[in-house]
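Structure first, commentary second.
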């Protein structure tokens, strides 16, 4: 559900100047203190250019969208897309670019860490045909990420190296969140992009398979002045899932891979619970096995709600309803697992092949039914 807020002022600058040449897409979540400051910086640096800024807000609890709405009423170059029931930077960027009307679209964060003064240079490179994608890079000569702490710098460097080696990405800073692209080229790639995760540029570059004429320009990554960073430990799993999805040529989705990884942790939880129930509590095997299955399903539900479906995270009473539905889905999935395993074993009595086929069937069933009945979009 989108709420698109448009200004009604008849004398707005966008109306006077005509259609914008550049759309600046800014994903936001709890950034109310930065909205106006960023707009003022854009206004100062983009003089003489017809532009608009599209804030894509994930229904921020701090009312970021309300600040944008008030700003939009005063200036026609400001638009807001308020997303209800969806979360995630990549999805916000995709929706923002597709909702824009300019031939060129830039993506930058709202936290004032990206150097907006580079935008005119980036636009010039696109307009004169020197590039189809311009990346603001921290890792080429003249660029800097000195504001990173040691842990974040190491993580960024590791992820960049993985992206280059595993996906064959030639860009020096594929993890950058600051770039500009021709809108027509983006539209060609959009259907293949993942709406989950945080690394939209890496997804674009990997999906293009080297067919985007790309130029990198250096910039200095600044320090956040207001609000809190949205990056957490789960971003690492998002990144890993994206890499695996691209390695399979998007045969499976990032969300499915995360769901499967969570299911893998459930196996260890099950075996650990089974061991404790048998050795510590001395329960009969049937009861110990049932306990292991119940604890593993509960663990999987919590992790999936926290990670795999965090853009549709269940809260309040919906958690209990979702947990019961997840139990039911997984119970049926267990029968599907066993049925397929027995069928394969009857045809070819190889235990590991039968077990793997049953497990795959169980994961596919649980994933499909969880999306329909547990974390269904409203």
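Some observations on this one:
- Fully extended contour minus Cα-Cα distance, from residue 248 to residue 74, at 0.36 nm per residue: 57.9 nm
- DSSP bridge orientation in the chain - percent antiparallel, rounded to nearest 5: 35
- To the nearest ten degrees, helix 89-99 and the longest principal axis of the Cα atoms of the chain are 50 degrees apart.
- Residues residue 154 and residue 324, FRET efficiency given R0 of 41 Å [Cβ-Cβ distance, rounded to 0.05]: 0.45
- Comparing 95, 282, 116 in a Gaussian network model of the chain, where Cα atoms under 10 Å apart are tied by springs, the biggest mean-square fluctuation is seen for 282.
- Cα shape, segment 254-374, gyration tensor, a/c 1.5 rule: oblate
- Available extension along the chain between residue 342 and residue 66 is 93.6 nm, counting 0.36 nm per residue and deducting the alpha carbon span.
- Label zone at residue 373, where the point sits 7 Å out along the Cα-to-Cβ direction: segment 295-329 residues whose backbone N lies under 14 Å: 321-329
- Degrees, to the nearest 10: 254-279 long Cα axis against longest axis of the chain: 40
- If the chain linking residue 285 and residue 40 were pulled fully straight, counting 0.36 nm for each residue of separation and taking away their Cα-Cα distance, it would gain 81.5 nm.
- With a Förster radius of 45 Å applied to the beta-carbon distance between residue 353 and residue 187, the computed FRET efficiency rounds to 0.55.
- For the pair residue 268 and residue 317, label points projected 7 Å from Cα toward Cβ lie 3.7 nm apart.
- The chain: angle of helix 317-347 to the longest principal axis, Cα-based, in degrees nearest 10: 60
Computed from the coordinates by the stated procedures, all read-outs in this text should not be read as laboratory data. A quick note: this is a predicted structure, and the numbers were derived from the prediction, not measured. A quick note on method: Cβ atoms are made from the backbone with ideal geometry, for glycine too, and the neighbour counts reach across all protein chains shown.
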